[in-house]
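For reference, the structure discussed in these notes is given below.
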Amino acid sequence: MAALIEITDLHYRYPGASDWALNGVNLCVQPSEMIALAGPSACGKSTLALAIAGCLHGRPGGQWRGTVRVDRVDVTGRSLYENAELVGLVQQNPEDQFCTLTVEDEIAFGLENRCYPPAQIAAQIAWALNVVAAGHLRNRQMSTLSGGEQQRVAIASILAARPRILILDEPTSNLDPPAARSVLQVLERLRRQEELTLILVEHKLGVLAPFAPRIVTMEDGRVTHHNAALPAREPLAQRAPAAPGEMVARLTSVTHDYGAHVALRDISLDLHRGQLVALMGDNGSGKSTLLRCLMGLIRPTAGNVAVLGSVAPAVSELAHRAGIVFQNPDHQLLGETVWKDTTMLGRNTRQEAEVTPRAEELLRQGGLWERRDDSPWRLSYGQKRRLNLTAATAHGPDLLLADEILIGQDPAHAHRLMRQLRAAADDGAAVLVALHNTDLAQRYADRAVFLERGQVAFDGLLDDLVTYLSRRGYHAYLETAP
Amino acid sequence: MNGRAKLQYRLDESWLHDLHPLTKLGWLLGITVGSLLVSTPWYPALVVLGLWGAARTARIRPAREMRGWRLLLVTSAAFFALQALFTRSGIGLIDLRPTVGLRITDEGLRRGILVASRFVAVIMASQLFVLTTDPSALAYALMQAGLPYRYGFALVTAIRLAPLFELEANTIYQAQLARGVRYDGSLFRRIIEVLRQMLLPLLVGALRRAEHLAISMEGRQFGRYRQRTFLRETHMRRADHAALAALLALVAVTITLMVA
């Protein structure tokens, strides 16, 4: 059978970059195949996805060598519009690619631009929503959709024009395990029923295992394996959970609402020195709100938050003894250089003498010391993440909070971040990290808290969490090995 | 997220919600221009009463659902007081010269009522328009009325992205507070400091979004053809024709009053 996609010796260098992002890629993809593109961060996966979709070769200043043939025609010989008739691209964050306010308008958008008559548009919307099992979302406002629903709508909006190839860049990175599994099931059904060729850029190969994709691995802009085996799950090392030390924070019957939406319901929780606690739960279960309450960034509607001996402390009181890392690394790059960013809290809280030597040590450990005079905006995604965590721990906080910091991280980076959090706990901090990965929680955490619709549904040891997840039918959480 | 009521479209069913967006836009323009051009105080005052009645019949309680209602009343009262106290022309009604050196005249009161009710009329009409008009329906109606679709979608995407930027700005602000940044000092200094600290992260976020959005829109053939079709076609109905006829009557009254 003739390959649907043939890539030969493809090189691409971004405008102004010194290194090739793609450095001699060769790859063939057959019709109806499911390919998983895997590899460490910045190895060229997303760039390859853009090249196949025909979004790269026309960029001013970029250097392109080699060929990408889709359906036997070189993509450079077609316009972006012509390539898009064959190849649909769903980018990493669906929210960034929506351009209308309702689900129906969003899916109609591409069909209206093609000047299809309204009756045909209506029929294709119904078909696309049906295929992704989201017919009930048709009249919803985009702002009311959950992460999983957004991903389905993003897929339907591309699918409605019936491309032959669908490329998805980290389709599950923002989703909780049940939503990720559900989206992947939809994609597998599409591949079988519609003979769609699927290319998934994915770090979490564990979640793909039930769908048996062909795994193509990349490194330094090259394909290293054309049909790699799924990485075996490393056996869990038995480690005894650290004993709880002095209590650092206590939530008592905390409730918080955002108008009609109740995010936290009657939460009671203690955090102790020396313990790393994994905060888990589906998207929207209240994890981020809980972390913000603990940091004094949100005042709960009801109940008490006591941190480090103060009741309901404001963030200005806590900043010098606590640290928080948010989901998006770009939101926390606040210094002009890596060094200034790391020591910013020390300067602002007049703790420079304490912070400076520790900041240097942490930057060296994180491999960022050589970049200390660079702008933090020039760092890679993984380096930015490490810098965020370093800046939040340079003052040796007693309480460290981290919100979904593993999103978009390859397994090696994810382990590195978890080791950094573990080290903070071993140094005596109380650490609470929101994450979806049960495997990493089992390896590094001492205790887990699982939230369901704003309530603590489980609070206990990791071994018991596994039993709890199995009993409650949260099987997707148990298949999240990196 | 926060629990504060925001001035934005609220999905509901009422005769005001059901009117064609362009009919409501026509009324908004008519009321604004009329209130600013006619110098008879009872004109904007009647407009305010009319808007109040329209809001109530559309099940909107202005004092509760319109944002900044108290601020609006306080500001219009301040406008009234300024005009009443500092207008010197006209017949004197109350003489405060012995105590505060001011004199309240009939002309001062007239101007006070005019300026205050103009202000309330324009703000109230705008808020009512926003509360009852689906912004994307407005953009689609404008495009179907002849606005080039590139401009129409600039409006739609701006409406879509505004809350995301607000959320992003809030997160950056919280990240700064957590790093010990303190916004002390005067309001002006705080504003400058917030802008200085937020500009770069917000700009980087905006550029990232713009790039992703451009790929997404072009990948869906945006801009390929000069024209496009629309799934959602908006049509004027009988109620719109009646509302437009009433608008014409308002314009006629406005012109008559201006000439008089």
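A short reminder: the numbers here are calculations on the coordinates, not readings from a lab. Owing to the predicted nature of the structure, the values given are computational and were not obtained by experimental measurement. Note that each Cβ is placed from the backbone with ideal geometry, even for glycine, and that neighbours are counted across all protein chains shown.
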Approximate spin-label separation residue A:258-residue A:220, in nm, with each point projected 7 Å along Cα-to-Cβ: 4.5 nm
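Using a Förster radius of 51 Å, what is the FRET efficiency between residue B:182 and residue A:120 based on their Cβ-Cβ separation? Nearest 0.05, please.
Numbers: r = 59 Å, r/R0 = 1.15.
About 0.30, to the nearest 0.05.
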Calculated P(r) of the protein assembly as shown - Cα pairs past 52 Å, %: 22 percent
Sum of -39500 (n - 2.57) over DSSP H runs of 4+, divided by residues of the protein assembly as shown (222 nm, nearest 500): -14500 deg cm²/dmol
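Extension gain residue A:26-residue A:130, at 0.36 nm per residue separation less the Cα-Cα distance, in nm?
Contour length minus Cα-Cα distance gives 33.8 nm.
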Approximate spin-label separation residue A:234-residue A:463, in nm, with each point projected 7 Å along Cα-to-Cβ: 2.2 nm
Candidate lysines for bridging to residue A:340, where Cα separation is under 25 Å - those fewer than 8 sequence places away on the same chain excluded: A:384
Calculated FRET efficiency for the pair residue A:14/residue A:67, C-beta based, R₀ 22 Å, to 0.05: 0.70
Average other protein chain Cβ within 10 Å of Cβ, residues A:159-165: 1
Rg/Rg_globular for the range B:94-201, with Rg_globular taken as 2.2 N^0.38 Å and Rg from C-alpha atoms: 1.79
Exposed GluC sites (Glu not before Pro) absent: longest stretch of chain A, with sites in DSSP loops and at most 15 other Cβ within 10 Å deemed exposed: A:1-194
Reachable lysines, given that their alpha-carbon falls under 28 Å from the alpha-carbon of residue B:24 and they are not under 8 places away in the same chain: B:6
Sequence-separation-based contact order of chain A, relative, with Cα cut under 8 Å and 6+ spacing, percent: 16 percent
Farthest toward positive dipole pole in the range A:223-342 [+1 Lys/Arg, -1 Asp/Glu at C-beta], among A:288, A:224, A:339: A:288
Which of A:182, A:375, B:76 has the fewest Cβ neighbours within 10 Å, and the rest in rising order: A:375, A:182, B:76
Selection from A:103, A:165, A:61, by position along the positive dipole direction of the range A:5-228 (Cβ): A:165
Range in chain A, longest, excluding exposed trypsin sites (Lys or Arg not before Pro) [loop by DSSP; at most 14 other beta-carbon atoms within 10 Å]: A:73-232
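Please state the charge dipole magnitude for the range A:313-360, taken about the Cα centre, from unit charges on C-beta atoms (+1 on K and R, -1 on D and E), reported in debye and rounded to the nearest 20. Before the final figure, lay out the partial values.
Values: 5 positive and 7 negative charges, 27 e Å.
Roughly 140 debye, rounded to the nearest 20.
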Relative contact order [Cα under 8 Å, 6+ residues apart], the range A:247-479, whole percent: 27 percent
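Shielding by partners for A:136-148, please: the mean number of other protein chain Cβ atoms within 10 Å of each residue's Cβ. Mind showing how you got there, number by number?
Details: counts 0, 0, 0, 0, 0, 4, 2, 4, 0, 0, 0, 0, 0.
Across A:136-148, the average partner-chain Cβ count within 10 Å equals 1.
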Inter-chain Cβ neighbour average for residues A:318-331, partner chain, 10 Å: 4
Pairwise label distance in nanometres, residue B:85 with residue A:365, each label 7 Å out on the Cα-Cβ vector: 6.4 nm
Mean Cα-pair separation over length for chain B, i.e. relative contact order, pairs under 8 Å, 6 or more apart, %: 27 percent
FRET efficiency, residue B:100 to residue B:59 (Cβ-Cβ, R0 60 Å, nearest 0.05): 0.85
Farthest positive-ward along chain B dipole, Cα basis, beta-carbon charges - from B:212, B:162, B:124: B:212
Neighbour count of at most 15 Cβ within 10 Å plus DSSP loop: longest GluC sites (Glu not before Pro)-free window in chain B: B:14-232
Given charges at beta-carbon only (K, R positive; D, E negative), |dipole| of the protein assembly as shown in Debye: 1800 debye
